[in-house]
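Before any comments, here is the structure.
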Amino acid sequence: MVKKVNWIKFDRTLRRRGLLFSPLEVRRQLRILPSAVSALLHDYTRQGGLVKLRNGLYCFADAQPSELAMANRLYAPSYISFEYALAYYHVIPETVYTITSATSRPTRAFTVADKRFEYHLLKRPAFTGYGPLKINGDTILIAAPEKALVDYLYFVDLKKTSLNERLRLQSLTWSRVEAYVKLFGRSSLRKLVKGLR
């Protein structure tokens, strides 16, 4: 027999854990069978209490998470990097509308709630240089400024994007930049970075 969970219990239990959740998290928190989880998520989404962001990720309709919190959970493991992080740190002057992230999984892109999320594959030794940062009340995994720059320049070096001529590099610590460059093991990247100093 499938255990029924009413909306009040569902809402109270899951909301305490955060605004984003997966079917597995629902199952663990409510201690119910996978078939019951599927039925609950389907019913509460159809009734308008939940929003399905993508397969395996839901949020409450009345309290959607920030775009950056969504970016960290839509495709994990990942951290905010590249142009979006550089704009956040004011290393590039432009506003960036696509949220760009690094991942150790295959490259993917999603559009959720009219927002574009891009995830770019980095090899495992280079999947570092990020940490949690409080941004507007959310704890977000984001690259350090120097790592965001090196991630970006790696794709410039691969000719997958063009170099922004208006980089503001004065606030960066070059010893950190050079340490991150070594993780990629590319002499052409080292040369590109040396040319920016």
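Structure summary
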| read-out | value |
| --- | --- |
| Top-ranked residue of segment 4-30 - restricted to ones that are loosely packed, with under 11 Cβ neighbours inside 10 Å and basic (Lys, Arg), ranked as modelled with the highest pLDDT | Arg12 |
| Test for Leu189: is it in contact with an Asp or Glu (Cβ under 7 Å, 6 or more places away or on another chain) and outside any strand (DSSP E or B) | yes |
| Every residue from segment 1-30 that is under 24 Å from the mean Cα position of the chain (by Cα) and outside any helix (DSSP H, G or I) | Gly18, Leu19, Leu20, Phe21, Ser22 |
| When residues of segment 61-79 are limited to those that are more than 19 Å from Thr100 (Cα to Cα) and in contact with a strand residue (DSSP E or B) (Cβ under 7 Å, 6 or more places away or on another chain), the one modelled with the highest pLDDT | Ala61 |
| Looking only at segment 106-118, and only at residues there that are touching a residue at least 40 places away in the same chain (Cβ under 8 Å) and within 14 Å of Ser66 (Cα to Cα), the one that is surrounded by the fewest Cβ atoms within 10 Å (Cβ to Cβ) | Ala113 |
| Single match in Ser187, Ser171 (criterion: closer than 25 Å to Pro93 by Cβ and small (Gly, Ala, Ser)) | Ser171 |
| Test set (1) over 19 Å from the mean Cα position of the chain (by Cα); (2) assigned by TED's automatic domain parsing to the domain that holds Leu158; (3) of a type outside the set (Ser, Thr, Tyr) - Ala85 fails condition number | (1) |
| Candidate set: segment 61-105, residues that are touching a residue at least 24 places away in the same chain (Cβ under 8 Å), among the polar types (S, T, N, Q) and within 21 Å of Leu183 (Cα to Cα); chosen: the one surrounded by the fewest Cβ atoms within 10 Å (Cβ to Cβ) | Ser104 |
| Evaluation of Tyr58 against (1) in a helix (DSSP H, G or I); (2) touching a strand residue (DSSP E or B) at 6+ places or on another chain (Cβ under 9 Å); (3) farther than 30 Å from Val177 by Cα (one fails), failing number | (1) |
| Members of segment 119-138 that are exposed (fewer than 15 other Cβ atoms within 10 Å of the Cβ), touching a residue at least 40 places away in the same chain (Cβ under 8 Å) and assigned to a strand (DSSP E or B) | Ile135 |
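The values are calculated or read from the model by the stated rules, or taken from the named source; none is laboratory data. None of these values were measured; they are calculated from a predicted model. Cβ atoms come from the backbone with ideal geometry, glycine included; neighbour counts cover every protein chain shown.
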